[in-house]
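Notes follow the structure.
The values are calculated or read from the model by the stated rules, or taken from the named source; none is laboratory data. Computed from a predicted structure; not experimentally measured. Cβ atoms come from the backbone with ideal geometry, glycine included; neighbour counts cover every protein chain shown.
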Amino acid sequence: MAQTAKTKPNRLTPSPKALQKALEQSAKQAQRLADAFGVVVPTIKPKTTHSARATS
């Protein structure tokens, strides 16, 4: 039975988990390059989650 467009997974749109992983890898690579060339890269501090704040 053929799948419809609604049930067929779209290979062009990665999952949110895959996007997050790619973003983290990209940030690490950018930081390594900046360190290699002695450039300071402005960074955004990650948001703290409720559980992280509760343990602090």
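If you filter the range 16-35 down to residues that are among the polar types (S, T, N, Q) and within 16 Å of residue 46 (Cα to Cα), you find that the one that is surrounded by the most Cβ atoms within 10 Å (Cβ to Cβ) is 31.
Taking (1) in a helix (DSSP H, G or I); (2) modelled with pLDDT of 80 or more in turn, residue 40 satisfies each apart from (1).
Every residue, every condition in (1) polar (S, T, N, Q); (2) touching a Ser or Thr at 6+ places or on another chain (Cβ under 6 Å); (3) modelled with pLDDT of 75 or more, yes or no:
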{"residue": "1", "(1), (2), (3)": "no, no, no"}
{"residue": "25", "(1), (2), (3)": "yes, no, yes"}
{"residue": "30", "(1), (2), (3)": "no, no, yes"}
{"residue": "47", "(1), (2), (3)": "no, no, no"}
{"residue": "55", "(1), (2), (3)": "yes, no, no"}
